[in-house]
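This report concerns only the one structure given below.
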Amino acid sequence: MGDLEQHPLLEDVNDGEFTGDGSVDLKGNPIRKQGTGNWGACPFILGNECCERLAFYGISTNLVTYLTRKLHQGNASAASNVTAWAGTCYLTPLIGAMLADTYWGRYWTIAVFSTIYFIGMGTLTLAASVPIFKPPPCDGSVCPEASPAQYGVFFLGLYLIALGTGGIKPCVSSFGADQFDDTDPSERVQKGSFFNWFYFSINIGALISSSFLVWVQDNWGWGLGFGIPTVFMGLAIISFFSGTPLYRFQKPGGSPLMRVCQVVVASIRKWSVNAPGDSLQLYEMEKGSAIEGSRKIEHTNELSFLDKAATITEAEKKGVNSYNPWRLVTVTQVEELKILVRMFPVWATTIVFSAVYAQMSTMFVEQGTVLDPTVGSFTIPPASLSTFDVVSVIVWVPLYDSILVPFVKRFTGKERGFSEIQRMGIGLFISILAMVAAACLEIWRLAIAKQDGLIDKPGPVPLSILWQIPQYFLIGAAEVFTFIGQLEFFYDQSPDAMRSLCSALSLLTTALGNYLSSFILTLVTYLTTKGGNPGWIPDNLNQGHLDYFFWLIAGISFVNLLVYVVCASRYTSKKAA
């Protein structure tokens, strides 16, 4: 049955020859700190992420245009297909995360799903290059519909990409963070910088895709426009495998869901059993952890009902009942579930931030269509203003890492300047300012429309689209605080053997934020168009009140921030035992 005595706490500092976080080499042996991991391994991972994101955004940014112009879909069908695919890309990480944490580990999960991803990219390129896979071009106003086979080949490639990204998204950031031993104080600090530069790499890829690759697709053709991202996906795979000799690996710990279920079932089975007042009497392995690839976690007094699952009955002490993981689990296993429960309120309050972020590709673009897009002899497409969000991130990351963190550290004494909780909260506040900026710009725009007699005339008013830059720039700043803070939080605070799963859950907030945005928009449209009213967001925005919608999102975000502050103040950090 294993030893039934609690072992003494381990020291959370490691200055030895080997890593102290349980990492191993590719063969499963303990790995030396010298010459492995750390920043020496990170360029290969950051290069992989930059190329993979360039490939992903090279497909997604202009996908709706391909569906309408080349496959001759209607606007509604094309938008629906893009939305469904994008949503799938944020749901499949749950599959990849479960495989990584349960069976394969992060390295092999990334390797397998990258191959699937590359095959999908190649299929998509063939669908856009080979004439038989494309419907003939439009003849005047007559556009031949794509055949089922043509749709099949294209969407096969598209959804192979969605599946491939599901194995990469939840694993790459965690695998990069695995290269830093968090029992070594200096490496623990550097891990915070890794998350900053990881997000920086994402946005470099996004910047190239949203500018150069979109131009190639529109001007040089889709075969080349999809072929270039395919080549970069190949480079991403090469970059990833090139760093193999330097990587540190974490062993998969078995099914996280099964362990959670075992704790719940064991707690219910021992409903009438009283947990001991002394946590040292609870069941824990004397040496090592019962969970492969996981360090022990210190007992906490919260959610004490779950402690029943680790309570040793008299029959178990006497050996009458053989060890059954559905009746008796370790303290560490109980604490895994407690951590997930404690993290849930923080996780839930970041969904609203993703709803704010979703406005960049929806209502910010709608607002841009009724602003003057001309700057000199140039015409700026409203959607291209999102480039300023990317530029904002690229500017903010080095400023945060090299200036803000050292400055704030003097006052807080924290290794990374701000805690993950504080960092996310600052981002939530900045996101409110972004919505306020958008609302104020809309008030100004409507005032000009009224002044110039343009209320009944749909179209732009004489106010430059460049006035949208502040709201995009603020969203970028908010990302650097909230999204990167979220990456740090779900890696550092999650149990060792659940890090991929928790990363997938953090990605899920993006999908849920988009759904929340759509729900709010649908509800607002329904309520404000009653009685024949044009509503807040009519086809002619000069007759509407888009500013009210922005104020509503700002108000929801403010209430969400208050809830977040309450949840964050009650949050108890994980402690290794």
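The values are calculated or read from the model by the stated rules, or taken from the named source; none is laboratory data. Just so it is clear, the model here is predicted, and its values are computed rather than measured. Because the Cβ atoms are built from the backbone with ideal geometry, glycine has one as well, and the counts that use them run over all protein chains shown. All accessible areas refer to the heavy atoms of the entire protein, side chains included, with ligands and DNA or RNA removed. Shrake-Rupley method; radii C 1.70, N 1.55, O 1.52, S 1.80 Å.
Summary table below
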{"quantity": "Net lengthening on full extension, SER80/TYR103 (0.36 nm per residue, minus Cα-Cα)", "calculated": "4.8 nm"}
{"quantity": "Unmatched cysteines, the chain - criterion: no other Cβ of a Cys under 4.7 angstrom", "calculated": "CYS42, CYS50, CYS51, CYS89, CYS171, CYS261, CYS440, CYS502, CYS567"}
{"quantity": "Over region 273-412: Rg over Rh, Cα atoms, Kirkwood Rh", "calculated": "1.29"}
{"quantity": "Estimated inter-spin distance, ILE268 and SER304, nm [label 7 Å along Cα→Cβ]", "calculated": "2.4"}
{"quantity": "Stretchable slack from CYS261 to GLN281, in nm (0.36 nm times residue separation minus alpha-carbon distance)", "calculated": "4.9 nm"}
{"quantity": "Per residue accessible area in Å² of the chain, where ligands, DNA and RNA are left out and the probe is 1.4 Å", "calculated": "42"}
{"quantity": "PHE18/VAL64 FRET efficiency (R0 51 Å; Cβ-Cβ; nearest 0.05)", "calculated": "0.50"}
{"quantity": "Added length on full extension, which subtracts the Cα-Cα distance from 0.36 nm per residue, ILE426 to PHE212", "calculated": "73.8 nm"}
{"quantity": "The chain: mean projected area of Cα convex hull, nm²", "calculated": "30.9"}
{"quantity": "q = 0.12 Å⁻¹, region 14-146: log10 I(q)/I(0) [Debye, one scatterer per Cα]", "calculated": "-0.68"}
{"quantity": "Estimated 222 nm signal from helices in the chain, with DSSP H stretches of n ≥ 4 weighted -39500 (n - 2.57), rounded to 500", "calculated": "-19500 deg cm²/dmol"}
{"quantity": "Long-range amide H partners of VAL461 with built H, under 5 Å", "calculated": "LEU371, ASP372"}
{"quantity": "Debye intensity ratio in log₁₀ form over the Cα atoms of region 432-562, taken at each q of 0.14 Å⁻¹", "calculated": "-0.78"}
{"quantity": "Cα extents of region 351-397 along the three principal axes, largest first (Å)", "calculated": "39, 24, 10"}
{"quantity": "Surface share of carbon and sulfur [accessible, 1.4 angstrom probe, percent] for the chain", "calculated": "65"}
{"quantity": "Relative contact order computed over the chain (Cα-Cα under 8 Å; 6+ residues apart), in percent", "calculated": "20"}
{"quantity": "Where trypsin sites (Lys or Arg not before Pro) fall in DSSP loop in region 505-577, at most 14 other Cβ within 10 Å", "calculated": "ARG570, LYS575"}
